[in-house]
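First comes the structure, then the notes that go with it.
A short reminder: the numbers here are calculations on the coordinates, not readings from a lab. Note that the structure is a prediction, hence the values are computed from the model and not measured. Ideal geometry is used to build each Cβ from the backbone, glycine not excepted, and the neighbour counts take in all protein chains shown.
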Amino acid sequence: MKTPSPNFLNIAIIGGGYAGMSAAVELASRGIPVTVFESAKQLGGRARGVNYNNIQLDNGQHLLLGCYRETLRLIEMVGGNVEQDFLRLPLQLDLHGQFSLKARRLPAPLHLLVALLNAQGLSWSERFKAARFMLTLRNMDFRLPHDMTVSELLALHGQDANLSLKLWEPLCIAALNTPIRKASAQVLLNVLRDSLDRKRADSDMLLPRIDFTALFPQRAAHFVEQHGGQVVLATGVEKIEVHDAHVAISTTDGTHRFSHVICAASPVVAAKLLRPLAALTATVAEIDALEHQPIYTVYVQYPANVRLPRPMLGLHQRTSQWLFDKGQIAGQHGLIASVISAEGIHQELSQNELAQKVIAELRAEFGIADTPHWIKVIAEKRATFCCSPNLSRPSQQTALPRVLLAGDYTAGDYPATLEGAVMSGVRCAKGVIASL
Ligand SMILES: Cc1cc2nc3c(=O)[nH]c(=O)nc-3n(C[C@H](O)[C@H](O)[C@H](O)COP(=O)(O)OP(=O)(O)OC[C@H]3O[C@@H](n4cnc5c(N)ncnc54)[C@H](O)[C@@H]3O)c2cc1C
């Protein structure tokens, strides 16, 4: 291998999930050479399309919010069209007959306050308490003097058990994938601030009509290639060595030289790759300290005439937390996705027991008596990091200027979400550009 010239610039990106592909698009759009190494045969990572029985599913049903500005910007930059790619629903929480809240066509945050005051399934006093809590958070600029759990915050502001069970707990689990007794109140407030307090459209719920690999990573790969970059699939990175003037990346295909590396693999893989780098001991310790939370998605294919009352609705005190009617969302008639987020007793069930429970709930709640054609359970045991208070998350810049970190678990305001992943990738790209 020749010694590279001092102006040599060529960025390796490890991982073709949303974080890695965002970094790649940002760099490639500025004419900076990039190579993405992805160990799997397809892009997308934890938000990827899965083909089952010739039907396109995702490894888990995802939902975006209107405030996911960077994700939506990049989807459009690589050729997507947000209004065509998603079913856009105004904020609505419907726990089938037990609770319902729907945002009105009013400017934020009035749309939410009116929705809270009109919520069904709460007493008048609970509605006032919820609206007063939101106004208090607003007056605090959604900043707590010190972080605490969501349970502690709710108790501090008189949000009683019914309010918590019907409103705050489902919201917290959906946003942070962490139970309220463990979840960071400050991170939940960051999401509430961005989704509820700015523009009304920020609280819109965006349900993808196409699979998650097609939605962004695949388009991003075409964009990168058109801008002179490379995306290499089925090529895992095994080792990173940092030298004075370059970084050596060893893959299943050999060793390659780059000026910088952005490690955008999941936290467990990132820790493994970075562990041999002595300068990054503190970073690896932060990654090792992260705990993880699961998400289960149960897909049930019924005859095509089966549908739910709405494209998306929740269930109160059932195993299924949220149900998605893929017929109404993506034209996949009769296909229902049940999502069960965060840890819980459902983890003690076998996949078949879990699926049967979901089917029994669909029968009890909606009278769906048809026999499913097939069921598919996808268990992501490490879907996200456990978003607990005062969590120390590694920064995108590391102690080694040539090594950067991207991923939903790296430092940022957001919990483990697509937007958090995308923002981390964009930050890495900006970090490389700023260092030039
Ligand atoms: C079931 C489920 C449901 C979810 N629902 C939502 C939701 O509704 N809304 C939301 O915003 N977020 C949701 N999330 C979270 C969201 O999917 C993640 O935050 C996001 O996809 C993380 O992206 P990432 O790029 O940081 O990591 P990853 O997606 O994990 O990407 C890492 C990539 O690195 C690759 N890789 C690993 N090892 C190597 C190696 N040695 N060499 C090269 N490549 C390697 C992997 O194959 C992978 O493609 C959900 C997650 C799951 C699992």
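Summary of values
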| item | result |
| --- | --- |
| Looking only at region 406-436, and only at residues there that are more than 23 Å from residue 213 (Cβ to Cβ) and among the aliphatic types (A, V, I, L, M), the one that is farthest from the ligand (Cβ to nearest atom) | 436 |
| Members of region 78-112 that are basic (Lys, Arg), in a strand (DSSP E or B) and without any contact (Cβ under 8 Å) to a residue 24 or more places away in the chain | 102 |
| Criterion violated by residue 362 - all others in (1) among the hydrophobic types (A, V, I, L, M, F, W, C); (2) closer than 17 Å to residue 205 by Cβ; (3) not in a strand (DSSP E or B) satisfied | (2) |
| Condition check for residue 40: hydrophobic (A, V, I, L, M, F, W, C), part of a loop (DSSP other than H, G, I, E, B) and under 21 Å from residue 191 (Cα atoms) | no |
| So residue 412, is it small (Gly, Ala, Ser), in contact with a Lys or Arg (Cβ under 8 Å, 6 or more places away or on another chain) and within 30 Å of residue 245 (Cα to Cα) | yes |
| Any hit, region 13-30, residues being touching a residue at least 24 places away in the same chain (Cβ under 8 Å), surrounded by fewer than 22 Cβ atoms within 10 Å (Cβ to Cβ) and within 16 Å of the ligand (Cβ to nearest atom) | no |
| Residue 223, sole failed condition from (1) part of a helix (DSSP H, G or I); (2) more than 22 Å from residue 326 (Cα to Cα); (3) under 22 Å from the mean Cα position of the chain (by Cα) | (3) |
| Residue match in region 256-278 (condition: in contact with a Lys or Arg (Cβ under 6 Å, 6 or more places away or on another chain), without any contact (Cβ under 8 Å) to a residue 60 or more places away in the chain and surrounded by 14 or more Cβ atoms within 10 Å (Cβ to Cβ)) | no |
| Where residue 346 falls short, out of the listed (1) assigned to a helix (DSSP H, G or I); (2) within 16 Å of the ligand (Cβ to nearest atom); (3) within 28 Å of residue 24 (Cβ to Cβ) | (3) |
| Whichever residue in region 279-303 is surrounded by fewer than 15 Cβ atoms within 10 Å (Cβ to Cβ) and touching a strand residue (DSSP E or B) at 6+ places or on another chain (Cβ under 9 Å) and, among such residues, is nearest to residue 410 (Cα to Cα) | 291 |
| Residues being over 14 Å from residue 287 (Cβ atoms) and of a type in the set (Val, Ile, Thr) - total across region 399-432 | 4 |
